1. Within the range 370-391, restricting attention to residues that are closer than 15 Å to residue 297 by Cα and surrounded by 20 or more Cβ atoms within 10 Å (Cβ to Cβ), which residue is nearest to the chain's Cα centre (by Cα)?
2. In the range 134-163, which residues are open to solvent by 30 Å² or more (accessible area, probe 1.4 Å), modelled with pLDDT of 80 or more and outside any strand (DSSP E or B)?
3. Every residue in the range 491-535 that is in a helix (DSSP H, G or I) and aliphatic (A, V, I, L, M), please.
4. Which residue, of 560, 576, is in a strand (DSSP E or B), more than 28 Å from residue 209 (Cα to Cα) and open to solvent by 10 Å² or more (accessible area, probe 1.4 Å)?
5. Which residue pairs have Cβ atoms under 6 Å apart, sit 6 or more places apart or on different chains, and have a first residue in the range 237-252 that is open to solvent by less than 40 Å² (accessible area, probe 1.4 Å) and at pLDDT 80 or above and a second that is part of a loop (DSSP other than H, G, I, E, B) and of a type outside the set (A, V, I, L, M, F, W, C)?
6. Would you mention how many residues in the range 272-305 are more than 30 Å from residue 652 (Cα to Cα) and under 24 Å from the mean Cα position of the chain (by Cα)?
7. For residue 354, state whether it is closer than 25 Å to residue 288 by Cα and either in a helix (DSSP H, G or I) or of a type in the set (Asp, Glu) (or both).
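The values are calculated or read from the model by the stated rules, or taken from the named source; none is laboratory data. Please read all numbers here as calculations on a predicted model, not as lab measurements. Virtual Cβ from ideal backbone geometry, glycine too; neighbours counted across all protein chains shown. Keep in mind that these areas ignore ligands, DNA and RNA; they rest on the heavy atoms of the full protein, side chains included. Shrake-Rupley method; radii C 1.70, N 1.55, O 1.52, S 1.80 Å.
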Amino acid sequence: MPATSTTDPLQRERDHLAASREALRAMREDVESLDIRDVTGTWVTALVLQNQIEARIAALADLSHTPLFFGRLDYLHTISEDLSEGSGGESFYIGRRHVHDANGDPMVIDWRAPVSQPFYRASRTEPLDVERRRRFGYTGGELTAYEDEHLCDPAEGETTSALLAAEIEKPRVGPMRDIVATIQPEQDEIVRADISGTLCVQGAPGTGKTAVGLHRVAYLLYAHRERLARTGTLVIGPNNAFLSYIEQVLPALGELDVAQATVQQLVGHVEVRGEDTPEAARLKGDARMAEVLRRAVRSGIALPAEPCVVVRGSRRWRVAVHELVAIIEELKGRDIRYGAAAEALPQRIAHAVLLKMEQSGEAPDDRVQDAVARNPAVKAVVRACWPAVDPAKLVLRLLSEPEFLAACAQGVLSAEEQAAVLWPKRGRSVKTARWTAADAVLVDEATDLVRRTPSLGHVVLDEAQDLSPMQYRAVGRRCTTGSATVLGDLAQGTTPWATASWPEALHHLGKPAAHIEELTKGFRVPEEVIAYASRLLPSIAPGLSPASSVREAPGSLTVRRVTEEERTGAVVEACRRALEREGSTGLIAADARVPLLAQALTEAGLAHLAPGTETSAEARLTLVPASLAKGLEYDYVVLDEPAAVVAGEPDERTGLRRLYVALTRAVSGLEVLHAEPLPEQLR
């Protein structure tokens with residue numbers, strides 16, 4: 001801590017914050033002043049080095065809305081190697097990134113460093129050599145408060161951190177709040193779990209599963225940066241609005257460049273322009289389609305009826321039919337991609353020719369084998385017996401031709417299921433066909449059957465409960481040689497094909513041995529709200545334990561019945577009342593009612609945003625279709641007509657799950673307005 005004459009502890013901490021910001025500025029200026037003209041050999045190395053410098057400069061940015069440090073640990077004993085044992089304990093400030101002074105001494109320690117771990121894990125029963133844990137409170141970027149826990153003092157009772165509660169309840173205006181300070185011990189164990197294993201986190205609303213996933217990405221990139229720089233990391237979310245929302249968090253965790261995508265973007269081989277019926281989408285997402293596609297890809301393989309005769313100079317080399325059949329059958333029986341086998345076939349035929357050359361006394365080498373593999377006669381056999389496959393054209397044919405689908409789906413899909421999968425109108429070409437989202441996943445599967453999909457080092461999959469088996473397979477292909485963190489809540493599965501259990505989902509993902517953790521202690525949703533929403537659990541996810549909340553907020557839930565004539569006006573007035581309070585407001589409604597409510601808000605002079613758009617002091621109201629509410633959170637939520645939310649889905653279970661999601665988006669208060677009777681589970 002810098003020398004200061006003040007005896008005010010709060011002022012000393014403010015001085016350390018100011019000094020730390022100054023040290024960070026100096027670190028950035030040092031990098032900006034680097035001259036690489038005399039240390040680079042070629043323009044390539046110069047470009048690489050310049051890119052690294054620019055990335056370093058970006059990483060050293062001082063984010064004005066994010067506290068540079070949020071806590072302090074005072075250890076009982078010295079843990080640094082360069083200090084003598086008699087020098088007493090050490091203090092470390094814990095923040096989003098490492099900051100050192102001009103002498104190289106740390107002023108802020110990265111939250112991911114081993115020395116920072118006790119900030120999350122230490123307790124009175126296991127203090128981990130920590131004498132005091134200090135939390136800091138901020139207002140508008142200014143350090144305004146601190147709170148101490150003396151973990152080795154038996155006279156100090158166990159209390160709930162007021163600053164932690166304040167951080168969780170902090171009004172959400174502008175970028176998403178700094179969540180790194182709110183991680184709890186059970187969450188930290190998941191965050192720092194070994195990279196070699198796959199984790200599945202079942203988390204009720206408000207338990208912080210998304211925060212856990214983002215922290216885990218940031219931690220793994222810190223602990224295994226070189227490895228993941230080579231193999232890659234990816235965060236997969238349910239939609240672009242959700243990805244935009246979580247993108248605001250990553251810089252606060254010390255990471256500026258983490259790849260993000262939706263499942264649909266991963267499988268973007270064709271342009272999606274159509275929409276399936278719920279039954280067609282469910283069947284196309286069924287794992288049985290993988291076998292149908294495997295058969296389709298291999299449907300063109302044929303056995304030769306004539307020998308292959310290769311002419312080289314004055315000699316003719318003949319590979320008999322039975323030899324060709326043996327080669328093709330052997331390739332068919334091996335578990336390799338179709339395209340890899342197609343590349344191996346001409347080499348296998350050429351090798352058979354080389355054996356005959358050697359038997360006749362010649363001494364051919366590898367160059368001769370490559371030349372034979374390119375021989376027109378060999379190419380003709382390959383084209384006839386192992387024809388090239390275009391994945392998109394293959395799926396186009398499969399969904400357009402009843403006879404071809406029947407041949408590939410025999411014994412796998414019933415006649416009724418085949419009829420449901422087929423397109424109502426035959427597709428003419430890949431570019432003009434009305435591909436659906438489920439079709440694109442089928443094309444991705446076929447593409448992988450032809451050519452292996454590259455694998456990443458780690459994949460984080462959020463809102464995983466909504467994926468179909470075929471979508472799980474698509475994600476699993478991206479981490480076959482890496483690990484994954486799977487996040488979700490079975491009770492929030494809002495697709496007709498939503499997974500019934502995590503073991504089943506992990507099987508389709510290709511990670512059956514994954515460890516499953518359950519988070520049931522909520523921090524975000526008030527107890528009154530989560531208890532009300534949990535009335536739906538016996539109907540939507542009977543195997544799950546209801547969540548509890550550490551936060552009680554009397555008056556946080558209001559359920560009010562209005563007349564049909566009053567409904568729209570009452571919703572507008574509820575939004576107006578919510579906006580009188582500090583923070584963000586979300587108006588959630590059935591998708592079909594959104595245009596009507598948008599018009600009513602505009603006529604009432606209430607500016608409103610679309611989901612994923614960053615709120616500001618001037619625009620704090622977001623109009624959210626129920627289908628896009630998942631993963632979002634607002635200080636206050638006005639929920640319009642629960643019965644309409646349920647009715648907007650193809651079946652009651654999915655509708656009730658959609659309603660469960662909508663009911664659990666509020667952090668400070670929820671007002672439910674309805675003219676129609678509430679679902680019986682909520683009465």
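1. Filtering the range 370-391 for residues that are closer than 15 Å to residue 297 by Cα and surrounded by 20 or more Cβ atoms within 10 Å (Cβ to Cβ), the one nearest to the chain's Cα centre (by Cα) comes out as 391.
2. Within the range 134-163, 152, 153, 154 qualify.
3. Matches in the range 491-535: 491, 505, 506, 509, 529, 530, 531, 533.
4. Answer to the selection: 560.
5. 237/462
6. Qualifying residue count, the range 272-305: 0.
7. no
Here's the yes/no breakdown for (1) modelled with pLDDT of 95 or more; (2) among the polar types (S, T, N, Q); (3) part of a helix (DSSP H, G or I):
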| position | (1), (2), (3) |
| --- | --- |
| 389 | yes, no, no |
| 403 | yes, no, yes |
| 418 | yes, yes, yes |
| 424 | no, no, no |
| 428 | no, no, no |
